[in-house]
1. Please give the number of the condition Gly42 fails out of (1) at pLDDT 90 or above; (2) within 15 Å of Leu137 (Cα to Cα); (3) open to solvent by less than 10 Å² (accessible area, probe 1.4 Å); (4) of a type in the set (Gly, Ala, Ser).
2. Among all residue pairs at least 6 apart or on different chains, which show Cβ distances below 8 Å where the first residue, located in the range 96-123, is touching a residue at least 60 places away in the same chain (Cβ under 8 Å) and the second is of a type in the set (S, T, N, Q)?
3. Which of the residues belonging to the range 313-335 are in contact (Cβ under 8 Å) with a residue 24 or more places away in the chain, under 20 Å from Ala10 (Cα atoms) and in a helix (DSSP H, G or I)?
4. Scan the range 1-39 for residues that are part of a helix (DSSP H, G or I), open to solvent by 10 Å² or more (accessible area, probe 1.4 Å) and more than 27 Å from Ser315 (Cβ to Cβ) and jot them down.
5. Within the bounds of the range 203-217, is there any residue that is surrounded by 14 or more Cβ atoms within 10 Å (Cβ to Cβ), out of contact with any helix residue (DSSP H, G or I) (no Cβ under 8 Å at 6 or more places or on another chain), part of a helix (DSSP H, G or I) and without any contact (Cβ under 8 Å) to a residue 60 or more places away in the chain?
6. Mind listing whichever residues of the range 111-125 are of a type in the set (Lys, Arg) and closer than 19 Å to Gly261 by Cα?
7. Applying the selection to the range 222-272, what residues are open to solvent by 30 Å² or more (accessible area, probe 1.4 Å) and aliphatic (A, V, I, L, M)?
8. Given the condition over 14 Å from the mean Cα position of the chain (by Cα), assigned to a helix (DSSP H, G or I), within 16 Å of Leu29 (Cβ to Cβ) and touching a residue at least 24 places away in the same chain (Cβ under 8 Å), answer yes or no: does some residue in the range 277-284 qualify?
Amino acid sequence: MTSDIAAILAIDGIATGAVYALVAIGTVLIFTVTRVIFIPFGDIAAFTALTLAALDAKRFPGTGALVVILACLATLIEIISLARSGELRLLPRALFFYLLLPLAVVGAAWLVMRLDPPLAVRLVLALMLITPISPLLDRIVFRPIADGTVLLLLTVSVALHFALVGVGLLFFGPEGVRTEPLTSLSTEFAGVLISGQTMLIVIAALVFSGLLYLFFDFTLVGKSLRATAVNRTGSRLMGIRPARAGTIAYLLGSLMAGVSGILIAPVNTVFYDSGFLIGLKAFVGAIVGGMTSYPGAAIGAVGVGVLESFASFESSALKDVIVFSLLIPILIWRSLASLHSEEEIEE
(Lines give C-alpha, C1' and ligand atoms only; values in the text may rest on other atoms or scores of the structure.)
Protein backbone atom coordinates (compact mmCIF):
# COMPACT_ATOMS: atom_id res chain seq x y z
CA MET A 1 0.00 0.00 0.00
CA THR A 2 1.40 3.38 -1.04
CA SER A 3 0.68 6.74 0.56
CA ASP A 4 -1.54 7.70 -2.41
CA ILE A 5 -3.65 4.58 -2.01
CA ALA A 6 -3.87 5.17 1.76
CA ALA A 7 -5.07 8.74 1.15
CA ILE A 8 -7.73 7.56 -1.32
CA LEU A 9 -8.92 4.87 1.11
CA ALA A 10 -9.01 7.39 3.96
CA ILE A 11 -11.12 9.85 1.96
CA ASP A 12 -13.49 7.09 0.86
CA GLY A 13 -13.73 5.87 4.47
CA ILE A 14 -14.48 9.36 5.79
CA ALA A 15 -17.27 9.79 3.22
CA THR A 16 -18.80 6.42 4.11
CA GLY A 17 -18.33 7.14 7.80
CA ALA A 18 -20.13 10.47 7.42
CA VAL A 19 -23.23 8.60 6.21
CA TYR A 20 -22.89 6.15 9.09
CA ALA A 21 -22.54 9.16 11.41
CA LEU A 22 -25.94 10.51 10.39
CA VAL A 23 -27.53 7.12 11.05
CA ALA A 24 -25.63 6.70 14.33
CA ILE A 25 -26.67 10.13 15.60
CA GLY A 26 -30.28 9.40 14.71
CA THR A 27 -30.08 6.03 16.48
CA VAL A 28 -28.70 7.67 19.62
CA LEU A 29 -31.38 10.39 19.44
CA ILE A 30 -34.24 7.87 19.33
CA PHE A 31 -32.69 5.63 22.00
CA THR A 32 -32.04 8.38 24.52
CA VAL A 33 -35.57 9.73 24.25
CA THR A 34 -37.57 6.48 23.89
CA ARG A 35 -35.16 3.69 25.04
CA VAL A 36 -35.76 1.99 21.68
CA ILE A 37 -32.73 0.75 19.74
CA PHE A 38 -34.35 1.46 16.39
CA ILE A 39 -32.93 -1.36 14.24
CA PRO A 40 -35.05 -0.40 11.16
CA PHE A 41 -33.19 2.94 10.91
CA GLY A 42 -31.07 1.57 8.07
CA ASP A 43 -34.20 0.23 6.35
CA ILE A 44 -35.65 3.76 6.29
CA ALA A 45 -32.43 4.99 4.64
CA ALA A 46 -32.61 2.21 2.03
CA PHE A 47 -36.29 2.96 1.36
CA THR A 48 -35.36 6.59 0.73
CA ALA A 49 -32.83 5.59 -1.92
CA LEU A 50 -35.39 3.28 -3.56
CA THR A 51 -38.01 6.04 -3.40
CA LEU A 52 -35.70 8.52 -5.10
CA ALA A 53 -34.82 5.97 -7.80
CA ALA A 54 -38.51 5.43 -8.53
CA LEU A 55 -39.07 9.18 -8.75
CA ASP A 56 -36.09 9.49 -11.12
CA ALA A 57 -37.69 6.80 -13.30
CA LYS A 58 -40.93 8.85 -13.33
CA ARG A 59 -42.78 6.20 -11.31
CA PHE A 60 -44.69 6.91 -8.14
CA PRO A 61 -42.89 4.87 -5.47
CA GLY A 62 -44.41 2.20 -3.28
CA THR A 63 -43.53 4.41 -0.33
CA GLY A 64 -46.81 6.25 -0.90
CA ALA A 65 -48.88 3.08 -0.46
CA LEU A 66 -46.78 2.15 2.59
CA VAL A 67 -47.46 5.53 4.24
CA VAL A 68 -51.21 5.21 3.53
CA ILE A 69 -51.36 1.73 5.11
CA LEU A 70 -49.36 2.81 8.17
CA ALA A 71 -51.50 5.95 8.57
CA CYS A 72 -54.71 3.91 8.57
CA LEU A 73 -53.30 1.43 11.11
CA ALA A 74 -51.98 4.20 13.36
CA THR A 75 -55.33 6.00 13.23
CA LEU A 76 -57.23 2.83 14.13
CA ILE A 77 -54.92 2.13 17.08
CA GLU A 78 -55.20 5.73 18.29
CA ILE A 79 -59.02 5.64 18.10
CA ILE A 80 -59.10 2.42 20.14
CA SER A 81 -56.70 3.93 22.68
CA LEU A 82 -58.77 7.10 23.03
CA ALA A 83 -61.99 5.09 23.41
CA ARG A 84 -60.49 2.96 26.18
CA SER A 85 -59.21 5.98 28.08
CA GLY A 86 -62.44 7.95 27.62
CA GLU A 87 -60.72 10.78 25.73
CA LEU A 88 -62.65 10.75 22.46
CA ARG A 89 -62.67 14.56 22.58
CA LEU A 90 -59.11 14.31 21.22
CA LEU A 91 -60.31 12.37 18.16
CA PRO A 92 -60.19 15.32 15.69
CA ARG A 93 -56.57 16.02 16.63
CA ALA A 94 -55.68 12.33 16.22
CA LEU A 95 -57.37 12.17 12.82
CA PHE A 96 -55.46 15.23 11.67
CA PHE A 97 -52.00 14.06 12.74
CA TYR A 98 -52.26 10.33 12.05
CA LEU A 99 -54.50 10.26 8.97
CA LEU A 100 -55.10 13.56 7.20
CA LEU A 101 -51.52 14.87 7.39
CA PRO A 102 -49.81 11.71 6.02
CA LEU A 103 -52.48 11.37 3.30
CA ALA A 104 -51.98 15.02 2.37
CA VAL A 105 -48.22 14.43 2.03
CA VAL A 106 -48.81 11.43 -0.26
CA GLY A 107 -51.41 13.32 -2.31
CA ALA A 108 -49.18 16.36 -2.73
CA ALA A 109 -46.27 14.15 -3.83
CA TRP A 110 -48.50 12.38 -6.36
CA LEU A 111 -49.71 15.67 -7.84
CA VAL A 112 -46.20 17.14 -8.09
CA MET A 113 -44.90 13.98 -9.77
CA ARG A 114 -47.32 14.48 -12.65
CA LEU A 115 -45.51 17.74 -13.46
CA ASP A 116 -42.14 15.99 -14.15
CA PRO A 117 -40.25 17.93 -11.43
CA PRO A 118 -36.47 18.61 -11.48
CA LEU A 119 -33.95 16.75 -9.28
CA ALA A 120 -34.13 19.21 -6.37
CA VAL A 121 -37.91 18.79 -6.13
CA ARG A 122 -37.60 15.00 -6.37
CA LEU A 123 -35.21 15.05 -3.43
CA VAL A 124 -37.76 17.00 -1.38
CA LEU A 125 -40.53 14.61 -2.43
CA ALA A 126 -38.46 11.59 -1.35
CA LEU A 127 -37.88 13.15 2.07
CA MET A 128 -41.56 14.10 2.37
CA LEU A 129 -42.68 10.55 1.67
CA ILE A 130 -40.16 8.91 3.99
CA THR A 131 -40.45 11.23 7.01
CA PRO A 132 -43.88 10.02 8.29
CA ILE A 133 -42.83 6.34 8.37
CA SER A 134 -40.87 6.28 11.64
CA PRO A 135 -43.46 8.25 13.71
CA LEU A 136 -46.25 6.03 12.38
CA LEU A 137 -44.27 2.89 13.22
CA ASP A 138 -43.73 4.32 16.69
CA ARG A 139 -47.49 4.73 17.21
CA ILE A 140 -48.31 1.28 15.84
CA VAL A 141 -45.50 -0.80 17.32
CA PHE A 142 -43.59 0.89 20.14
CA ARG A 143 -45.95 3.23 21.99
CA PRO A 144 -48.28 0.44 23.18
CA ILE A 145 -45.25 -1.18 24.89
CA ALA A 146 -43.42 2.04 25.82
CA ASP A 147 -43.13 1.00 29.47
CA GLY A 148 -41.60 -2.37 28.62
CA THR A 149 -37.99 -3.32 29.28
CA VAL A 150 -35.20 -2.30 26.94
CA LEU A 151 -34.75 -5.97 26.00
CA LEU A 152 -38.41 -6.27 25.01
CA LEU A 153 -38.19 -3.09 22.94
CA LEU A 154 -35.03 -4.39 21.25
CA THR A 155 -36.69 -7.73 20.44
CA VAL A 156 -39.68 -5.98 18.90
CA SER A 157 -37.35 -3.66 16.97
CA VAL A 158 -35.53 -6.64 15.44
CA ALA A 159 -38.85 -8.25 14.50
CA LEU A 160 -39.98 -4.96 12.93
CA HIS A 161 -36.80 -4.88 10.84
CA PHE A 162 -37.56 -8.30 9.34
CA ALA A 163 -41.14 -7.23 8.68
CA LEU A 164 -39.91 -4.11 6.86
CA VAL A 165 -37.54 -6.21 4.75
CA GLY A 166 -40.53 -8.18 3.51
CA VAL A 167 -42.50 -4.98 2.97
CA GLY A 168 -39.57 -3.53 1.02
CA LEU A 169 -39.50 -6.55 -1.28
CA LEU A 170 -43.25 -6.23 -1.81
CA PHE A 171 -43.30 -2.49 -2.57
CA PHE A 172 -39.92 -1.98 -4.28
CA GLY A 173 -39.03 -5.34 -5.82
CA PRO A 174 -35.70 -7.23 -5.74
CA GLU A 175 -33.79 -4.97 -8.16
CA GLY A 176 -30.93 -2.84 -6.91
CA VAL A 177 -30.80 0.87 -7.74
CA ARG A 178 -28.19 3.58 -7.97
CA THR A 179 -29.32 7.16 -8.51
CA GLU A 180 -27.58 9.88 -10.46
CA PRO A 181 -24.89 11.89 -8.59
CA LEU A 182 -26.12 15.03 -6.90
CA THR A 183 -23.13 16.94 -8.29
CA SER A 184 -20.50 16.32 -10.95
CA LEU A 185 -17.94 18.70 -9.44
CA SER A 186 -14.57 17.48 -8.21
CA THR A 187 -11.42 18.95 -6.76
CA GLU A 188 -7.85 17.87 -6.09
CA PHE A 189 -6.32 18.04 -2.62
CA ALA A 190 -2.71 17.01 -1.91
CA GLY A 191 -2.62 15.16 -5.20
CA VAL A 192 -5.79 13.17 -4.46
CA LEU A 193 -8.94 13.68 -6.52
CA ILE A 194 -12.01 14.26 -4.33
CA SER A 195 -15.43 13.98 -5.94
CA GLY A 196 -18.15 16.50 -5.28
CA GLN A 197 -20.40 13.71 -3.99
CA THR A 198 -17.84 12.88 -1.30
CA MET A 199 -17.59 16.52 -0.25
CA LEU A 200 -21.38 16.78 -0.21
CA ILE A 201 -21.67 13.76 2.11
CA VAL A 202 -19.15 15.18 4.58
CA ILE A 203 -20.70 18.66 4.48
CA ALA A 204 -24.19 17.25 5.05
CA ALA A 205 -22.98 15.29 8.09
CA LEU A 206 -21.32 18.39 9.55
CA VAL A 207 -24.34 20.60 8.86
CA PHE A 208 -26.82 18.19 10.42
CA SER A 209 -24.60 17.68 13.44
CA GLY A 210 -24.39 21.45 13.90
CA LEU A 211 -28.14 21.88 13.48
CA LEU A 212 -28.79 19.20 16.07
CA TYR A 213 -26.45 20.97 18.50
CA LEU A 214 -28.32 24.27 17.99
CA PHE A 215 -31.68 22.51 18.25
CA PHE A 216 -30.92 20.81 21.56
CA ASP A 217 -29.18 23.78 23.17
CA PHE A 218 -31.21 26.77 22.00
CA THR A 219 -34.82 25.62 21.42
CA LEU A 220 -37.52 24.78 23.95
CA VAL A 221 -38.47 21.59 22.11
CA GLY A 222 -34.84 20.48 22.00
CA LYS A 223 -34.44 21.09 25.72
CA SER A 224 -37.59 19.08 26.43
CA LEU A 225 -36.14 16.19 24.43
CA ARG A 226 -32.91 16.40 26.43
CA ALA A 227 -34.91 16.41 29.66
CA THR A 228 -36.78 13.30 28.55
CA ALA A 229 -33.47 11.64 27.67
CA VAL A 230 -31.98 12.43 31.09
CA ASN A 231 -34.97 11.43 33.22
CA ARG A 232 -38.31 10.30 31.77
CA THR A 233 -40.10 10.32 35.13
CA GLY A 234 -38.82 13.76 36.10
CA SER A 235 -39.68 15.24 32.70
CA ARG A 236 -43.21 13.83 32.97
CA LEU A 237 -43.61 15.51 36.37
CA MET A 238 -42.50 18.81 34.79
CA GLY A 239 -45.30 18.60 32.20
CA ILE A 240 -43.30 17.13 29.30
CA ARG A 241 -45.13 14.31 27.53
CA PRO A 242 -42.71 11.45 26.69
CA ALA A 243 -45.02 10.28 23.90
CA ARG A 244 -44.85 13.66 22.16
CA ALA A 245 -41.09 13.85 22.71
CA GLY A 246 -40.76 10.40 21.18
CA THR A 247 -42.75 11.45 18.12
CA ILE A 248 -40.46 14.43 17.57
CA ALA A 249 -37.40 12.19 18.00
CA TYR A 250 -38.75 9.75 15.40
CA LEU A 251 -39.49 12.62 13.01
CA LEU A 252 -35.94 13.93 13.29
CA GLY A 253 -34.54 10.42 13.04
CA SER A 254 -36.61 9.64 9.96
CA LEU A 255 -35.42 12.86 8.32
CA MET A 256 -31.78 11.99 9.04
CA ALA A 257 -32.27 8.47 7.70
CA GLY A 258 -33.78 9.99 4.57
CA VAL A 259 -30.80 12.28 4.05
CA SER A 260 -28.46 9.31 4.57
CA GLY A 261 -30.31 7.32 1.93
CA ILE A 262 -30.16 10.17 -0.57
CA LEU A 263 -26.42 10.63 -0.02
CA ILE A 264 -25.50 6.96 -0.26
CA ALA A 265 -27.70 6.10 -3.27
CA PRO A 266 -25.35 7.60 -5.93
CA VAL A 267 -22.25 5.78 -4.60
CA ASN A 268 -23.68 2.36 -3.63
CA THR A 269 -26.17 0.02 -5.25
CA VAL A 270 -29.07 -0.17 -2.80
CA PHE A 271 -31.45 -3.12 -2.50
CA TYR A 272 -34.59 -3.51 -0.42
CA ASP A 273 -32.57 -5.27 2.30
CA SER A 274 -29.42 -3.11 2.18
CA GLY A 275 -30.49 -1.08 5.19
CA PHE A 276 -29.57 -3.74 7.75
CA LEU A 277 -25.81 -3.50 7.15
CA ILE A 278 -25.96 0.31 7.05
CA GLY A 279 -27.80 0.43 10.35
CA LEU A 280 -25.62 -2.22 11.98
CA LYS A 281 -22.36 -0.50 11.08
CA ALA A 282 -23.76 2.80 12.32
CA PHE A 283 -24.81 1.00 15.51
CA VAL A 284 -21.18 0.03 16.09
CA GLY A 285 -20.33 3.74 15.93
CA ALA A 286 -23.21 4.55 18.30
CA ILE A 287 -21.89 1.97 20.77
CA VAL A 288 -18.53 3.79 20.75
CA GLY A 289 -20.42 6.85 22.00
CA GLY A 290 -22.14 4.75 24.67
CA MET A 291 -25.54 5.29 22.98
CA THR A 292 -25.65 8.66 24.77
CA SER A 293 -23.04 10.93 23.16
CA TYR A 294 -23.69 12.46 19.75
CA PRO A 295 -20.05 13.49 19.16
CA GLY A 296 -18.88 10.07 20.35
CA ALA A 297 -21.32 8.34 17.99
CA ALA A 298 -20.21 10.51 15.06
CA ILE A 299 -16.51 9.91 15.73
CA GLY A 300 -17.11 6.19 16.17
CA ALA A 301 -19.10 5.99 12.92
CA VAL A 302 -16.37 7.79 10.95
CA GLY A 303 -13.85 5.38 12.48
CA VAL A 304 -15.99 2.46 11.32
CA GLY A 305 -16.09 3.90 7.79
CA VAL A 306 -12.31 4.33 7.66
CA LEU A 307 -11.72 0.84 9.06
CA GLU A 308 -14.14 -0.64 6.53
CA SER A 309 -12.37 1.14 3.68
CA PHE A 310 -8.93 -0.17 4.63
CA ALA A 311 -10.31 -3.63 5.43
CA SER A 312 -11.93 -3.86 1.99
CA PHE A 313 -8.55 -3.11 0.42
CA GLU A 314 -6.87 -5.92 2.35
CA SER A 315 -9.73 -8.43 2.02
CA SER A 316 -13.10 -7.43 0.61
CA ALA A 317 -14.59 -10.78 1.70
CA LEU A 318 -13.70 -10.20 5.36
CA LYS A 319 -14.33 -6.46 5.68
CA ASP A 320 -17.68 -6.91 7.46
CA VAL A 321 -16.18 -9.50 9.80
CA ILE A 322 -13.41 -7.07 10.74
CA VAL A 323 -15.85 -4.21 11.35
CA PHE A 324 -18.30 -6.22 13.43
CA SER A 325 -15.47 -7.80 15.42
CA LEU A 326 -15.05 -4.33 16.92
CA LEU A 327 -18.28 -4.87 18.84
CA ILE A 328 -16.74 -7.41 21.22
CA PRO A 329 -13.98 -5.24 22.76
CA ILE A 330 -16.19 -2.12 22.62
CA LEU A 331 -19.05 -3.83 24.46
CA ILE A 332 -16.66 -5.21 27.07
CA TRP A 333 -15.11 -1.77 27.53
CA ARG A 334 -18.51 -0.08 27.78
CA SER A 335 -19.80 -2.69 30.20
CA LEU A 336 -16.86 -2.10 32.53
CA ALA A 337 -16.79 1.69 32.16
CA SER A 338 -20.51 2.56 32.20
CA LEU A 339 -22.30 3.72 35.33
CA HIS A 340 -25.96 2.70 35.57
CA SER A 341 -28.41 5.40 36.56
CA GLU A 342 -31.13 4.94 39.17
CA GLU A 343 -33.80 5.05 36.47
CA GLU A 344 -32.16 2.16 34.59
CA ILE A 345 -31.98 0.14 37.83
CA GLU A 346 -35.64 0.75 38.59
CA GLU A 347 -36.60 -0.43 35.13
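The values are calculated or read from the model by the stated rules, or taken from the named source; none is laboratory data. Just so we're clear, the structure is a prediction, and the values are computed from it rather than from any experiment. Every residue, glycine as well, gets a Cβ built from its backbone with ideal geometry; the counts of neighbours run over all protein chains shown. Keep in mind that these areas ignore ligands, DNA and RNA; they rest on the heavy atoms of the full protein, side chains included. Shrake-Rupley method; radii C 1.70, N 1.55, O 1.52, S 1.80 Å.
1. Every listed condition holds for Gly42 apart from (1).
2. none
3. Of everything in the range 313-335, those that are in contact (Cβ under 8 Å) with a residue 24 or more places away in the chain, under 20 Å from Ala10 (Cα atoms) and in a helix (DSSP H, G or I) turn out to be Phe313, Asp320, Val323, Phe324.
4. Once the filter is applied, which keeps residues that are part of a helix (DSSP H, G or I), open to solvent by 10 Å² or more (accessible area, probe 1.4 Å) and more than 27 Å from Ser315 (Cβ to Cβ), the range 1-39 yields Phe31, Thr32, Thr34.
5. No, the range 203-217 contains no residue that is surrounded by 14 or more Cβ atoms within 10 Å (Cβ to Cβ), out of contact with any helix residue (DSSP H, G or I) (no Cβ under 8 Å at 6 or more places or on another chain), part of a helix (DSSP H, G or I) and without any contact (Cβ under 8 Å) to a residue 60 or more places away in the chain.
6. Arg122
7. Ala227, Ala229, Val230, Leu237, Met238, Ile240, Ala243, Ile248, Leu251, Leu252, Leu255, Val267 - these are the residues of the range 222-272 that are open to solvent by 30 Å² or more (accessible area, probe 1.4 Å) and aliphatic (A, V, I, L, M).
8. no
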